[in-house]
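Student: The following block contains the structure, expressed as structure tokens.
The values are calculated or read from the model by the stated rules, or taken from the named source; none is laboratory data. What you see is a predicted model, and the numbers here were worked out from it, not measured in a lab. Neighbour counts run over all protein chains shown; Cβ positions are idealised from the backbone, glycine included.
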Amino acid sequence: MGFMDKIRGAFGKPPAKEVAKKRLQLILKYDRAGLPPNAIDAVKEAILNALKEFPFVDVEGVNIHIPESDVDGKIEIEVPVKNN
């Protein structure tokens, strides 16, 4: 890590090199899975729409995440329950 990378990291903005690397990894993940880039967004939207049918689910707090390091093709979902 160079001096400029340390300075950029101190201000909370990741270096452009790291951002580009993460984007490339995501593109490769889609390509290896045989998915078009918008497929994951469509899956996320379908999951959110399905969860809206349950009144005890806090849809605003749902977190759908695809781990960058995941090689098994998993989608992680956190579904909070409303406090009544």
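Student: I'm told V81 meets every condition in (1) out of contact with any Phe, Trp or Tyr (no Cβ under 8 Å at 6 or more places or on another chain); (2) among the β-branched types (V, I, T); (3) at pLDDT 85 or above except one. Can you identify the failing condition by its number?
Tutor: All conditions are met except number (1).
Student: Mind checking which residues of the stretch 19-62 are part of a helix (DSSP H, G or I), exposed (fewer than 14 other Cβ atoms within 10 Å of the Cβ) and of a type in the set (K, R)?
Tutor: K21, K22, R23, R32, listed by residue number.
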